[in-house]
Amino acid sequence: MKLLVVGLGRMGGGILRRLKSKGYELAGYDSDPRAREVFKDKVFLFEDLSSLENFFGSQRKIIWLMVPHQVVDKVLEDLIPLLSEGDIVVDGGNSYYRDSQRRYTKLKEIGVSFLDVGVSGGIYGEEFGYCLMIGGERKTYELLEDLFRDLSYNAEGYAYLGDSGAGHFAKMVHNGIEYAFMQAIGEGFELLKESEFGYDLKEVARVYNTGSVIRSWLMELTKKVFEEFGDLEQLEAYVEDTGEGRWTLLEALQRAVPMPALASALFMRFRSRQENPFRDRLLAGLRYQFGRHRLKRKNE
């Protein structure tokens, strides 16, 4: 099976290397020449996507996209003139599921199959395998099932979950759950740190992850955080979000499904990116107005 991976960053590069170790015939492309340089002399590299036949010849084109959701449409716009009936496009990035459904319909009109595949496992997936949540037509999934098995954790960390959009919807909810898990860990360890016991937080993380009911890979990573960054004093309290938590919460609002843990976790990420926020300055001013409570002014 020949496969082109478009997007050679941390995740796309890991997928390409894992498949190469499994014996697949691979090509790679990234718009950033620095990303392409990493794979120089390792796989067939495209400097642009103008001639896919140089790699695929007359074979079915199978193209795995691992690019940010904001550029998927642009990549497809470049690819569509080069695709033929029977070709397959897989979007393994974190795309919004409604966009995936729209792309499925657009490609189906020209006889090209489209699968939306939520991919979890982070940078460790290259070594241990990924978790793959797959949506689209079952017959297309079945054509690529060996590929999914080879990419997956323990050759079983994959599942066909339903029609177009099902894979990315499941990954969206997965990431919403992840937000809440991480927030709970952060809050719990902050309370441990502020207690009078002087905990070795790395040791607490280790024992929490040894037979307890909250043991998890995230707890294992918590231990790694303390091993690598010590007391965290060199880190800024700045936490990004890449969209999936927002999409999950919007879906919950539209379907009247209460998700207070996710909502709180998402808002705390927003809060982490604010410095001296207006809201809290207004609260301080209000307390002063009704009770002449102490104000702390800048440069005091």
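Descriptive notes on the structure:
- Using a Förster distance of 35 Å, the FRET efficiency for VAL257-SER51 (Cβ separation, nearest 0.05): 0.15
- Ordering LYS298, LYS20 from the fewest to the most neighbouring beta carbons within 10 Å gives LYS298, LYS20.
- Measuring spread by the Cα atoms of region 225-300 yields a radius of gyration and Dmax of 17.7, 49 Å.
- As a proxy for reagent exposure, ranking SER58, SER100, SER21 by other Cβ atoms within 10 Å from fewest up yields SER58, SER21, SER100.
- Taking amide H as placed 1.01 Å from N in the peptide plane, the amide H of GLU25 sits under 5 Å from that of LEU3, each at least 5 places away or on another chain.
- 24 Å tail of the calculated P(r), region 148-300, as % of Cα pairs: 55
- Translational diffusion of region 253-294 was estimated from the Stokes-Einstein equation, with Rh taken as the Kirkwood radius over Cα pairs; at 10 °C and 1.306 mPa s the coefficient is 125 µm²/s.
- Out-of-range pairs (alpha-carbon distance over 27 Å; input LYS22/LYS171; LYS22/LYS202; LYS223/LYS298): LYS22/LYS202; LYS223/LYS298
- Working note: 222 nm ellipticity from helices only, DSSP H runs with n ≥ 4, each -39,500 (n - 2.57), summed and divided by the residues of the chain, gives -14500 deg cm²/dmol to the nearest 500.
- D_trans [Stokes-Einstein, Kirkwood Rh over alpha-carbon pairs] for the chain, 37 °C, 0.692 mPa s, µm² s⁻¹: 150
- Debye equation applied to the C-alpha atoms of region 134-217, log10 I(q)/I(0) at 0.14, 0.15 Å⁻¹: -0.69, -0.74
- 14 Å reach of a label modelled at TRP217, 7 Å along Cα-to-Cβ, counting backbone N of region 116-149: 118-133
- Less than 5 angstrom separates the built amide H of TYR130 from those of SER152, TYR153, all sequence-distant by 5 or more or on a different chain.
- Taken along the Cα-to-beta-carbon direction at a fixed 7 Å, the label points for ASP41 and MET1 span 3.0 nm.
- Solvent-free Debye calculation, one equal scatterer per alpha-carbon of region 2-163: log10 I(q)/I(0) at 0.09 Å⁻¹ equals -0.25.
- Counting only Cα atoms, the size of region 59-143 along its three principal axes is 36, 28, 23 Å, in decreasing order.
A short reminder: the numbers here are calculations on the coordinates, not readings from a lab. For clarity, every value in this text was computed on a predicted model and none was experimentally measured. All Cβ positions, glycine included, derive from the backbone under ideal geometry; neighbour counts span all protein chains shown.
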